[in-house]
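These notes are about the structure you will find just below.
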Amino acid sequence: MLFNSLTFAVFFAAVLGLHNLPLPWHVKKLNLLVASYLFYAAWSPPFVLLLWISTAVDWKVAAWISATQNQTRRKRILALSLVANLGFLGYFKYGTFLMDNFALAARAIGIDYVPPKWDIVLPVGISFYTFQSIAYSLDVYLKRAQPTRRFLDFALFVTFFPHLVAGPIVRPTLLIPQFEHPRRATRDQLIWGLAMMTLGLFEKVVLADGFLAPVVDAVHHSPHQLASLDAWTGALAFSGQIFFDFAGYSTTAIGVALALGFALNDNFNFPYAAHSFSDFWRRWHISLSTWLRDYLYVPLGGNRHGELRTYLNLLITMLLGGLWHGASWTFVVWGGLHGAYLAIERWLGRTNVLVTFLVVTATWVLFRAHTFGDALDLLKSMAGASGAAHTVLYWNDIIVVGVIVGGMLVTHWRMRSTRLETAVAATPGWVVVLVWTLMAFALVAEQGAGDAFIYFAF
C-alpha cells in the first residue's frame, strides 16, 4: 500500500493503536511483523515468499559463519547468501534486460536468436530489502557484528514496513538492537513523527506530483524538439520532482518509525547545496551511497592502491550503483557519468555549488528518459542546438517551476549546515503550527492526486 493513501492512514492508525496497548513486548513485535507482511502483501501476496526465503537464508548463513573460524568455509557460506539474494534480484530485475542484450549481441555476430518472451513482474522494493539482508551476512562475515539471538528480531529488521519498499537501507547494527527492549514513542517523538509524515507527504503529493510531475511529463512526452527554455524548465522540474518524491518517502518512513518509537537513519541532507560531486553523494540517498562505499568501494581497494586504481574503483562502484537503479543502459551510463565526475573532481581538486547542481540536473535527463535518443534530444534542446523549436509549456508552468525549484535551492543552501530539528526549535511555535496546518490542508485538498513513489520501480 502507498503512504499517500487513505488505506495506509487506516492501517497506520491500527498499528499505532496496537503498539500502544499494554501488551508484552514479544507480542508487540509479532504485531509489527504481521503488519509488515500485510503492508507488503497489499502489492502482491506471492512475493512475500521471497521475503521469507531471504530472511531464512541470511539468518542461517550468519549463524553458520559465526560458528566457524575456517576462512575458506566462511567464504563458501557467505557465497550462499550472495547467490540466493543476488540470484533473486538478477532474475526478477535483470532477467529480461540480460536476455534482450544477449539477443542483440547474437545478432551482431550473425546469429538470429529470438529469446523466449518473459513476463516477469518486478517485486516492489526487492533492491532495498536484498541489500539490507546481505548487509547482515556481510557484517557477521567481516566481524563487525554478532548474529542476533532472536529470529523474530531479525525477521522484523528485514521486513519493518516503514522502510521495506524504498528505504532508507538500514544497517542491522542500527535497527536490530532497537528490537531487544520495549519501545514506545514519547509524546515529543509522536508529535515529531507525525510532523515528519506530514512534511514528507506534502513534498510527494503536493510538490512532486501536484506541481512538478505534469511539467516533467509534458516535456519528456513531447515528440518535438523543444525550445531551450522549455527543455531547461523540464529538466529543473525533474530535479525537484525526484528530490521531493524520494526525500518525501524517506521523510515519511522516518516519521512513521519515530511515531512507533524507532529511529531510522537520515537519507537526505539538502543535497542540492552540495559544493562537489562527492559532497552530493554524501547528501543524496545516503543509505545507498554509504552501502556502496562500505560493501563495494572499500573492498575493491578504495583509494589505497594509487590514483589510477582509485579512479577505476570509483567508476566501477558508480556503474553498479547506476545498474542498481534499473535494468537499462541509461541507468548504467547515468551511474558511469557520476563515477567520471567523481574521478575528475578528485583529479582537479575543485568544483562549486552551481556547477555541481547544473551537471547533476543535466545527468538527471538520462535517469528520466526511456531511451538514449530521448535523452539526447532533450540535451540538445537544453543546449539550444535542436533546430526547429516547439513550446509545450505555458508561462504559468515556467513560473511555478521557477518558484518551487528556486525555493528548494534557497532552502537547501540555508540549511546545508543545519539540522531540521535545530531550525524548527529556533522558529516561533505559532509559525510551526501554521506551516504544519497549511501542509495538512494542502494534502487534504490534493487527496487522490498522488502517484506511486518513483523509487518503487527500483
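The values are calculated or read from the model by the stated rules, or taken from the named source; none is laboratory data. On a predicted model such as this, the values are computed, not experimentally measured, just so you know. No Cβ is skipped: glycine too gets one built from the backbone with ideal geometry, and neighbour counts run over all protein chains shown.
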| task | Report yes if some residue within the stretch 162-171 is part of a helix (DSSP H, G or I) and over 17 Å from the mean Cα position of the chain (by Cα); otherwise report no. | result | no
| said: Of the residues 257, 247, 208, 231, only one is under 20 Å from the mean Cα position of the chain (by Cα), assigned by TED's automatic domain parsing to the domain that holds residue 445 and within 28 Å of residue 389 (Cβ to Cβ); which? | reply: 208
| note | Of the listed residues (246, 268, 277), the one being in contact with a Leu (Cβ under 7 Å, 6 or more places away or on another chain) and within 29 Å of residue 398 (Cα to Cα) is 277
| Where residue 330 falls short, out of the listed (1) under 17 Å from residue 274 (Cβ atoms); (2) of a type in the set (Ser, Thr, Tyr); (3) assigned to a helix (DSSP H, G or I) | (1)
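Can residue 288 be described as modelled with pLDDT under 95, in contact with a Pro (Cβ under 9 Å, 6 or more places away or on another chain), among the hydrophobic types (A, V, I, L, M, F, W, C) and surrounded by 20 or more Cβ atoms within 10 Å (Cβ to Cβ)?
Values: modelled with pLDDT under 95: yes; in contact with a Pro (Cβ under 9 Å, 6 or more places away or on another chain): yes; among the hydrophobic types (A, V, I, L, M, F, W, C): yes; surrounded by 20 or more Cβ atoms within 10 Å (Cβ to Cβ): yes.
Yes.
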| request: Determine which single condition residue 266 fails, assuming it passes every other condition in (1) under 21 Å from the mean Cα position of the chain (by Cα); (2) assigned to a helix (DSSP H, G or I). | output: (2)
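Within the stretch 299-315, is there a residue that is assigned by TED's automatic domain parsing to the domain that holds residue 240, closer than 25 Å to residue 3 by Cβ and part of a helix (DSSP H, G or I)? Lay out the reasoning, then the answer.
At the first step, the residues of the stretch 299-315 found to be assigned by TED's automatic domain parsing to the domain that holds residue 240 are 299-315.
Then drop every residue that is not closer than 25 Å to residue 3 by Cβ, which leaves none.
For the stretch 299-315, residues assigned by TED's automatic domain parsing to the domain that holds residue 240, closer than 25 Å to residue 3 by Cβ and part of a helix (DSSP H, G or I): absent.
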| Using beta carbons and a limit of 6 Å, which pairs, at least six apart or on different chains, have the first residue in the stretch 143-157 and of a type in the set (Asp, Glu) and the second one assigned to a helix (DSSP H, G or I)? | 153/176; 153/179
| query | Does the stretch 191-198 contain any residue that is surrounded by fewer than 21 Cβ atoms within 10 Å (Cβ to Cβ), of a type outside the set (Asp, Glu), modelled with pLDDT under 90 and part of a helix (DSSP H, G or I)? | reply | no
| Do we find a residue being among the charged types (D, E, K, R) and surrounded by fewer than 24 Cβ atoms within 10 Å (Cβ to Cβ) anywhere in the stretch 273-280? | yes
| message | Go through the stretch 145-161 and report how many residues are in a loop (DSSP other than H, G, I, E, B) and either within 19 Å of residue 66 (Cα to Cα) or polar (S, T, N, Q) (or both). | response | 6
